[in-house]
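Below is one structure, written out as structure tokens, with a few remarks after it.
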Amino acid sequence: MEEIVKLIKKYRLFIIIVILLLVSSVSTVVLANANTVVVGSDSVNVRVGPGLSYSNMAQVKKGDKLTIISEKNKWYQVRLAGDKIGWVASWLLDNTDVSSTTNKVGIIKVPNTTIFKSASASSDVLGTANQSTKVAILYQESDWTQILYKGTAAWVKSEFIENTSETTDSTHSSTSNNKKSSNSNSNIKTVTVTQANTKLRIDPNSSGRIVKTVQVGKTFDYLGKDGDWYQVRDSDGSVGYVASWVVTISGSKSAVKTAASTISESTIVIDAGHGGDDVGAESENGKYEKTYTLAYAKAIKKELEKTGARVILTRSGDDSKTLGDRARLSSKENADAFISLHFDSSESNNDGSGVTTYYYADKDKNLATSIDNQLNTLPIDNKGVKQKDLYVLHYNSQPAVLLELGYINTKSDYKKIKSDSYKEKVASDVVAGLKQYFK
């Protein structure tokens, strides 16, 4: 008997190790930390949604580490390598110790916030998020916040997202269908007007009686939300509603920034002049202005997107667009700058030459000067900055300029206009001018 006891003591550590290995072999995963699991079986299917009816998007294999984001109907939402998001069945994991992450909910503060693939303004743009959109926060580091976006992990600038005390669990469990809330989000303290001549209305709709008209930078105390309208109170005590698309929100009593301070944060509208039945000016050999304005708009867009800027074209094909539609798009998208592209023409062929930058109001002048300074190096003479009452400038609420990039019916100018080298130089100079403008 003593010999048996001695043997047990001698091999006790070995026995414990064997038992642990046996336990590990029947368990599909083991807990790696509070919110991650490591796959223990040969393979587990990852599906695009929380159910067997959803198609497979990937497989994870033994040893893979999964970060759990949330739980729904006994399915775990997990983050895979490459920031992909999918679902795995909890019962296939065979680990009752796993508890899902309760993610914090954030609120997008600024209209048309850019969503990036990685935590860099130079990375690919995945899309944009509307102001007041609620998102699940996966991770935060000083300047950047990782969120769940269309089934994948993505990044936004931290300054554009408001942290809340709400969690994804409470969001999913909420069954309230009330459209109106007297205090729909207590984390919002103020709203700041971003559009000129914004109307404070007695009712939450565009036909409501106007209480007052206010200008850019006006700040109201936030009271609640009704649909797409914020209920607010002014410092004089007057209460009314403002449209959510003409303000930004803040979690403090301080007014928020109403315009981008760097090009990577900006929204730029590029207007390719003319289009469709409106062919614009014509070269000596019958080539139309509308063709070149579109080509140059696309070239500028390509260069601008390298900076992380959000770029919108007023037309992406040979489309007819009214001048009003072009100018209103700038306001609708809360653009930080609007640039309309054209090519000049003289009454007689070969009578004119030069590049001109036009602006209309004081709000446009700095933008015009910044871009014009860069256009000085073009191989066509620069005629400088001029003030002119042009429709897309006059009726544009955002900083706006119109560029005449040479005379299309002058042989020497046209030779440059039709060349790729000139087009690329214009694109580079316009981007340089915008960088200078946003400094």
- For segment 302-324, how many residues meet the condition of being part of a strand (DSSP E or B) and surrounded by fewer than 23 Cβ atoms within 10 Å (Cβ to Cβ)? 3
- Those residues of segment 114-123 which are modelled with pLDDT under 85 and more than 14 Å from Asp143 (Cβ to Cβ) amount to Lys117
- Message: I'd like to verify a number: residues in segment 394-418 that are buried (at least 18 other Cβ atoms within 10 Å of the Cβ) and either in a loop (DSSP other than H, G, I, E, B) or touching a Leu at 6+ places or on another chain (Cβ under 6 Å) (or both), how many?
- Response: 11
- One residue from Tyr437, Tyr407 being in contact with a Ser or Thr (Cβ under 7 Å, 6 or more places away or on another chain), hydroxyl-bearing (Ser, Thr, Tyr), farther than 16 Å from Gly273 by Cβ and in contact (Cβ under 8 Å) with a residue 12 or more places away in the chain: Tyr437
- Pick out the one residue from Val355, Val385 that is under 22 Å from Thr314 (Cβ atoms), among the hydrophobic types (A, V, I, L, M, F, W, C) and either under 32 Å from the mean Cα position of the chain (by Cα) or at pLDDT 95 or above (or both). Val355
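To keep it simple, each residue is scored yes or no on (1) open to solvent by less than 40 Å² (accessible area, probe 1.4 Å); (2) within 30 Å of Glu404 (Cβ to Cβ); (3) modelled with pLDDT under 85; (4) in a strand (DSSP E or B).
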position	(1), (2), (3), (4)
Asn183	no, no, yes, no
Ser207	no, no, no, no
Gly224	yes, no, yes, yes
Ile249	yes, no, yes, yes
- Message: Any residue that is in contact with a helix residue (DSSP H, G or I) (Cβ under 7 Å, 6 or more places away or on another chain) and of a type in the set (Ser, Thr, Tyr) - is there at least one of those in segment 412-421?
- Response: no
- Item | Complete set of residues in segment 353-374 that are within 21 Å of Lys425 (Cα to Cα) and outside any helix (DSSP H, G or I) | Ser353, Gly354, Val355, Thr356, Thr357, Tyr358
- Could you list, in sequence order, the residues of segment 325-347 that are assigned to a loop (DSSP other than H, G, I, E, B) and without any contact (Cβ under 8 Å) to a residue 60 or more places away in the chain? Glu347
- Enumeration of residues in segment 383-393 that are part of a strand (DSSP E or B) and either open to solvent by 40 Å² or more (accessible area, probe 1.4 Å) or in contact (Cβ under 8 Å) with a residue 40 or more places away in the chain (or both): Lys383, Val385, Lys386, Gln387
- So which residues in segment 337-367 are of a type in the set (D, E, K, R) and either open to solvent by less than 20 Å² (accessible area, probe 1.4 Å) or within 27 Å of Ser283 (Cα to Cα) (or both), if there are any at all? Asp344, Glu347, Asp351, Asp364
- Message: Ile380 - would you say it is of a type outside the set (Ser, Thr, Tyr), in a loop (DSSP other than H, G, I, E, B) and open to solvent by less than 20 Å² (accessible area, probe 1.4 Å)?
- Response: yes
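The values are calculated or read from the model by the stated rules, or taken from the named source; none is laboratory data. Remember, predicted model here, so these are calculated numbers, not experimental data. Here Cβ is always computed from backbone atoms with ideal geometry, including for glycine, and neighbour counts include all displayed protein chains. Side chains are part of the model used for accessible areas, which takes the heavy atoms of the whole protein and leaves out ligands, DNA and RNA. Shrake-Rupley method; radii C 1.70, N 1.55, O 1.52, S 1.80 Å.
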